[in-house]
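Before any comments, here is the structure.
The values are calculated or read from the model by the stated rules, or taken from the named source; none is laboratory data. Everything numeric in this text was worked out from a predicted model, so none of it was measured. Quick reminder, even Gly has a Cβ in these numbers, built from the backbone with ideal geometry, and neighbours come from all protein chains shown. Note: accessible area is taken over every heavy atom of the protein model, side chains too, but ligands, DNA and RNA are not part of it. Shrake-Rupley method; radii C 1.70, N 1.55, O 1.52, S 1.80 Å.
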Amino acid sequence: MDIVTPEHKTALRQWHEELQKQRGMRASLRRSTSISEACLAPGFHALRLQTHTLWKISGEEWRLTALALVAALGAHVKTNDEKQRFAQQLGNKEYGRRVMSELRFKRLCAAKTPDDLLRQLRRAIHLLKGNVNLPSLADDIFRWCREANDAQQHSGRALNPMEFVRVRWAMDFYQAGEPDDVNQPATAE
């Protein structure tokens, strides 16, 4: 189940379109090297005003951090390409090699802080030449922040392993480079 609802995705797409037209707002977000800096950018506040039901939930302050990450990274997205999920885009092969190397992918999965995640995801967006599934990226960021908050709070929330963002990323990343017939379930004869 997605954290970012279809209504939030629509608001995110609209915000991104407006951001592309406003160079100053986009530039201030692109220069952000930390969550704190992103929170001071006018582009973040524009997104915050359009998505208050996404982040303004009592007891879930981590959502504001996630929104700041989405804003800072959304400024680096040139084109919203929703054909594949974000991690699948990273795992696609170009000229026989994945868009993102396994080493970089492991660094992304090993990110421990929101600022580290910001750095790793910025590199990933750069490798994708700015052509990113922005709603998928946003949902993944919200999942990552929720999982980090749960770990910090020692929450014993039971999850299906496929609900953990790093597991989903790994499955998408490694399956993206496989031929379609390999991804199909085997049939009994």
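Results, tabulated for the structure shown:
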{"read-out": "Considering residues of region 14-31 that are assigned to a helix (DSSP H, G or I) and open to solvent by 80 Å² or more (accessible area, probe 1.4 Å) only, the residue nearest to residue 50 (Cα to Cα)", "value": "14"}
{"read-out": "Residue check, residue 4 outside any helix (DSSP H, G or I), within 24 Å of residue 165 (Cα to Cα), touching a residue at least 12 places away in the same chain (Cβ under 8 Å) and out of contact with any Phe, Trp or Tyr (no Cβ under 9 Å at 6 or more places or on another chain)", "value": "no"}
{"read-out": "Residue in region 68-91 that is within 25 Å of residue 164 (Cα to Cα), β-branched (Val, Ile, Thr) and over 14 Å from the mean Cα position of the chain (by Cα) present", "value": "no"}
{"read-out": "Subset of region 93-142 [open to solvent by less than 30 Å² (accessible area, probe 1.4 Å) and β-branched (Val, Ile, Thr)]", "value": "99, 125, 132, 141"}
{"read-out": "Residue selected from region 64-92 under the condition open to solvent by 30 Å² or more (accessible area, probe 1.4 Å) and not in a loop (DSSP other than H, G, I, E, B), by the criterion farthest from residue 170 (Cα to Cα)", "value": "64"}
{"read-out": "Selected residue (criterion: nearest to residue 150 (Cα to Cα)) from residues of region 35-62 that are of a type in the set (A, V, I, L, M) and open to solvent by 60 Å² or more (accessible area, probe 1.4 Å)", "value": "57"}
